[in-house]
1. Name the pairs whose Cβ atoms lie under 8 Å apart, with the first residue in region 92-121 and farther than 15 Å from residue 5 by Cβ, the second loosely packed, with under 12 Cβ neighbours inside 10 Å and at pLDDT 95 or above, and 6 or more positions between them or separate chains?
2. Among the numbered conditions (1) surrounded by 13 or more Cβ atoms within 10 Å (Cβ to Cβ); (2) within 30 Å of residue 92 (Cα to Cα); (3) modelled with pLDDT under 90, tell me where residue 135 comes up short.
């Protein structure tokens, strides 16, 4: 079995499974430390709104990308879950396909050729499994909010010190009461916010939110840190 997995023709599929296990392990370790890798990955994606039923699509830069991501449930299910499903499906389907070829015809296809049928099988699997995940997730977790809707809300720095060029993790709640972990960095270069500091999200810059200190106590919401 090990010889089969390490053959060059199966390298892409074996690597996909190794990466999947690595991501799962890393996410588990970061969760213990208070980080949320899934939220960070979601923040890296461009915001888009695609309705496959009506055909109304709004994305920059490519409408086709919007339709494809929407079809894969991106924006409805955490992207980290979809990535794990994709890597698992791609790795297993590729290995099964190559195993069938080897047992039936006595040869294996080059990895880049075998990857084509593996992808054809994997993408619908990601959509179906993503739909199941979306269906069984708690209701408050499936309320989709855009990153821009978090601007103007207060957050509490939970891990690290936010300073220029060195973002820290913060926690806040959206309008549905769902908790989000985001990376924040001071809007002013000279400012610093340590763990426990309350900040106001003023704009989004990549996956990082620019923040200022909460001077008006009416904006404060300590409950988001609980």
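1. From region 92-121, no pairs qualify.
2. Just one mismatch for residue 135, condition (1).
The values are calculated or read from the model by the stated rules, or taken from the named source; none is laboratory data. Computed from a predicted model, the values in this text were never measured in an experiment. Glycine also receives a Cβ, built like all others from the backbone with ideal geometry; neighbour counts cover every protein chain displayed.
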